[in-house]
Amino acid sequence: MVITFVVDNCLDPKNGTSMTAYRFIEGLRARGHEVRTLTIGDAAPDNYFVEEAQYGFISEIGHWHGFRFAKFDEKTVRRALEGSDIVHFLLPLPFEIRVYHLARKMGIPCSAAFHMQPENASHIIHIDKVPKSGDAIYKLLYQMFYKNFRHIHCPSHFIAQEMKDHGYDAKLYVISNGVDEHFRPTEVEKCTDPEKFNILMVGRLSPEKRQEVLIEAVQYSKYADKIQIYLAGAGSQMRERHLRKLGEALSNPPIIEFYSQEDLVRLINSCDLYTHTATVEIEAISCLEALSCGLVPVICDAPKSATVQFALDENSLFRADDPKDLAAKIDYWIEHPQEKALLGQRYAKFGDGFRVSESVKKAEFFFWETIRDHKKEKQYG
């Protein structure tokens, strides 16, 4: 197949959707497909690049979250689409909308992915406290974009059900975004303090990730003086300053830094526990990456988070936005190291079921079905 991926910025390692796209693209290329990318970036084989669009303060907010908006350039877009067997869209944004309409005119089969959880968007634009804001965004995304597609990739059963509940009527394919092969239990030279109990959380520095719940939980812990928090992620300077200020109350202030994949694998394998405090999550590959390395997680049990699906034990869950309950779970794992070690082995095996290599095979089937159904509609339409 000749598959063209369309996503505003595909090559920024700080953006989760970008990294997902990159891994699928590389996986499909390894399986013999010609995969093109239509995105912002630097010149490379099979990549078709456009400039960044400027939307003033909206673009600035995007930069805080590791995201840039692409500018539509019909000449470049046509070159990317010509000869494509299928065009796959990862986001429902202005660039993708215009590319979709051109692809449709050219008669090329199109598929889409649902990576932008409406509740995430409502937090980013600060309307999360407005009643029914998430419902309104689901409706808006459907009318603007997703009503055009009969085949949509969903990263989790949770988000597929949410889409059905909000009237999305396409055929939904649940395919994990997948864990890279590098995330495995590995003997490494420790990069954390062996005298501390080192707790990791990975994720964008954004309000819905709720890192402050972890910081507060440590204050309630019986072992607060021996706990070191690592917050791995990037975000706005304002958000980072807020978290650092909160962390000043701890005996060991949190270490906040963005890590390359190589350094992140080493950090995960150096830590003692993983926490995931986000209340809004479409899947949370970061949590999967940690548990795939054998690191036991403690996950927020929130109604708008898919991450609860990864919990294998009641002590791997805590009540949403309840730092005292999280503190109790942290203390439990500090006091039960042997149980934690055994459960970590179970988690590592569990993570193998979410490898990106398996997700790529499922995506391949998803694309074949989209092309087949397009041909049927064209033939009998």
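The values are calculated or read from the model by the stated rules, or taken from the named source; none is laboratory data. The shown structure was predicted, so the numbers you read here are calculated from the model rather than taken from an experiment. Here the Cβ is made from the backbone with ideal geometry for all residues, glycine too, and neighbour counts use every protein chain on show. In case anyone asks, the SASA skips ligands and DNA or RNA and just uses the protein heavy atoms, side chains included. Shrake-Rupley method; radii C 1.70, N 1.55, O 1.52, S 1.80 Å.
Of all residues assigned to segment 329-336, at least one qualifies as being open to solvent by less than 10 Å² (accessible area, probe 1.4 Å) and closer than 16 Å to E212 by Cα. Within segment 148-178, can you find the residues that are assigned to a helix (DSSP H, G or I), open to solvent by 10 Å² or more (accessible area, probe 1.4 Å) and closer than 21 Å to S286 by Cα? Hits for segment 148-178 are H157, F158.
You will find that of L264, L246, the residue that is over 20 Å from F318 (Cα atoms) and within 23 Å of the chain's Cα centre (by Cα) is L264 and no other.
Of all residue pairs spaced 6 or more apart or on separate chains, none has beta-carbon atoms under 6 Å together with a first member in segment 65-77 that is open to solvent by less than 40 Å² (accessible area, probe 1.4 Å) and among the hydroxyl-bearing types (S, T, Y) and a second member that is at pLDDT 95 or above and part of a helix (DSSP H, G or I).
Can you spot a residue in segment 194-205 that is within 30 Å of E60 (Cβ to Cβ) and of a type in the set (S, T, N, Q)? No, that holds for no residue.
Taking segment 52-64 as the range and being open to solvent by less than 50 Å² (accessible area, probe 1.4 Å) and either of a type in the set (D, E) or at pLDDT 85 or above (or both) as the test, the residues that pass are E52, A53. With respect to the conditions (1) buried (at least 20 other Cβ atoms within 10 Å of the Cβ); (2) touching a His at 6+ places or on another chain (Cβ under 9 Å); (3) not in a helix (DSSP H, G or I), E208 lacks only one, and its number is (3). If you check V218, V179 for being among the β-branched types (V, I, T) and in contact with a Ser or Thr (Cβ under 8 Å, 6 or more places away or on another chain), only one passes: V179. If you filter segment 218-236 down to residues that are in a helix (DSSP H, G or I) and of a type in the set (A, V, I, L, M), you find that the one that is nearest to A290 (Cα to Cα) is V218. Across segment 250-262, which residue is nearest to V213 (Cα to Cα) among those that are open to solvent by 70 Å² or more (accessible area, probe 1.4 Å) and either at pLDDT below 95 or polar (S, T, N, Q) (or both)? So, considering only residues that are open to solvent by 70 Å² or more (accessible area, probe 1.4 Å) and either at pLDDT below 95 or polar (S, T, N, Q) (or both), the one nearest to V213 (Cα to Cα) is S251. What residue, among those in segment 78-98 that are outside any helix (DSSP H, G or I) and in contact with an Asp or Glu (Cβ under 8 Å, 6 or more places away or on another chain), is surrounded by the fewest Cβ atoms within 10 Å (Cβ to Cβ)? Step by step, filter segment 78-98, then rank; the result is L93.
Does L264 qualify as being in a helix (DSSP H, G or I) and of a type in the set (A, V, I, L, M)? For L264, the condition - in a helix (DSSP H, G or I) and of a type in the set (A, V, I, L, M) - is met. The set of residues in segment 297-307 that are within 22 Å of C271 (Cα to Cα) and either touching a Cys at 6+ places or on another chain (Cβ under 8 Å) or at pLDDT below 95 (or both) comprises P297, I299, T307. In the condition set (1) charged (D, E, K, R); (2) under 18 Å from the mean Cα position of the chain (by Cα); (3) crowded, with 16+ Cβ neighbours inside 10 Å; (4) on the phi < 0 side of the Ramachandran plot, E181 is compliant with all but (3). Picking from residues in segment 285-321 that are part of a helix (DSSP H, G or I) and open to solvent by 10 Å² or more (accessible area, probe 1.4 Å), the one that is nearest to Q345 (Cα to Cα) is E289. The criterion of being within 18 Å of Q261 (Cβ to Cβ) and either open to solvent by less than 60 Å² (accessible area, probe 1.4 Å) or assigned to a helix (DSSP H, G or I) (or both) holds for V188.
If you go through segment 269-284 and keep only what is surrounded by 21 or more Cβ atoms within 10 Å (Cβ to Cβ) and farther than 25 Å from D322 by Cβ, you end up with just N269. Taking segment 17-50 as the region of interest, how many residues are at pLDDT 90 or above, open to solvent by 50 Å² or more (accessible area, probe 1.4 Å) and not aliphatic (A, V, I, L, M)? So the answer is 5.
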